[in-house]
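Student: This is the structure, below, for whatever I ask next.
Throughout, read-outs are computed from the coordinates displayed, never taken from laboratory work. Remember, it's a predicted structure, so these values are computed and weren't measured experimentally. With ideal geometry, Cβ positions are generated from the backbone for all residues, glycine too; neighbour counts draw on all protein chains shown.
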Amino acid sequence: MHVKSNAIEQARITLEGAWDGRLPVCPERISVQTTIVLHRNGQESEHRVLMKGWSDEDLNGDSGFAEFRDQDAGQPFWCVYNIHERPDRQRFTQAHEFGHVVLGHVIDGNKPKRDSNFNAKGDLDEIAANTFAAELLMPEDLVRDFSKRITDLNALAMKFRVSPSAMKTRLKALRII
Ligand SMILES: [Zn+2]
């Protein structure tokens, strides 16, 4: 599926440009090292994503959102995650929302991408953001390499600081299990 292959490629390009190769991958640190180019009114400008942790209350129970906020011209790309969810869930949310920005879903005039769960239900942007997040947090080469040495699912998930269910989904997608 083109949507998925594009998201994987974008995640790999992002890792190449911003990752020091160490596990676990930190989406927040990657976002600081990544430049997002905004094209508007025939002009180009470069921005960093603004990644913020909000309370469950402020997010009305959602896991997070990615939004173009025009009032802050310096940092119009916002990624917000719920600091009251489990740490592995927060990291997935960060990677997913960051994916929405990198993949060009966060555009002036678009509705914010709000995420209460990560069940894409056929929504192509959500499928793409989930695919991006999986590749970012669990880079294929490293998953293949470590899965040969670490056969316990929980230990492997811990190595990448993801949930065991996210790791299981990843191993299945890569046809390792
Ligand atoms: Zn989303």
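Student: Using θ = phi - 60° and the Karplus form 6.51 cos²θ - 1.76 cosθ + 1.60, what ³J(HN,Hα) does each residue of region 94-107 get, whole Hz, x for Gly and Pro?
Tutor: 4, 5, 5, 5, 4, x, 4, 6, 4, 7, x, 7, 9, 10
Student: Further question: Report the antiparallel proportion of the DSSP beta bridges in the chain as a percent, rounded to a multiple of 5.
Tutor: Given both bridge residues lie in the chain, the antiparallel proportion sits at roughly 70 percent.
Student: Still on this structure: What GluC sites (Glu not before Pro) in region 3-59 are in a loop by DSSP, with at most 10 other Cβ atoms within 10 Å of the Cβ?
Tutor: Answer in residue order: GLU57.
Student: Report the Cα centroid-to-centroid distance between region 3-42 and region 88-102 in angstrom, as an integer.
Tutor: Between the Cα centres of region 3-42 and region 88-102 lies a distance of 11 Å.
Student: Using alpha carbons only, how many degrees (0 to 90, rounded to 10) separate the axis of helix 140-149 from the longest principal axis of the chain?
Tutor: It is inclined by approximately 20 degrees.
Student: Could you work out how far helix 124-137 tilts from the main Cα principal axis of the chain, as a 0 to 90 degree angle to the nearest 10?
Tutor: 60
Student: Tell me, what is the percent relative contact order of the chain, built from C-alpha pairs under 8 Å that lie six or more residues apart?
Tutor: Values: 279 pairs, mean separation 40.8, N = 177.
Once divided by the residue count of the chain, the mean separation gives 23 percent.
Student: Tell me the angle of helix 164-173 to the major Cα principal axis of the chain, expressed in degrees between 0 and 90 and rounded to the nearest ten.
Tutor: 90
Student: Test of understanding: ordering LYS172, LYS159, LYS121 by Cβ neighbours within 10 Å, fewest first, what list do you get?
Tutor: In increasing order of surrounding Cβ atoms, one gets LYS121, LYS172, LYS159.
Student: Given 37 °C and 0.692 mPa s, compute D for the chain with the Stokes-Einstein relation, Rh being the Kirkwood radius over Cα pairs; round to the nearest whole µm²/s.
Tutor: Diffusion coefficient, whole number: 199 µm²/s.
Student: Further question: Where does the Debye-calculated log10 I(q)/I(0) of region 101-177 sit at q = 0.11, 0.15 Å⁻¹, using only Cα point scatterers of equal weight, no solvent?
Tutor: With no solvent term, the Cα-only Debye profile gives -0.34, -0.58.
Student: Springs between alpha-carbon atoms under 10 Å, Gaussian network over the chain: tell me which of GLY104, GLY74, GLY122 tops the mean-square fluctuations.
Tutor: Answer for the Gaussian network model of the chain: GLY122.
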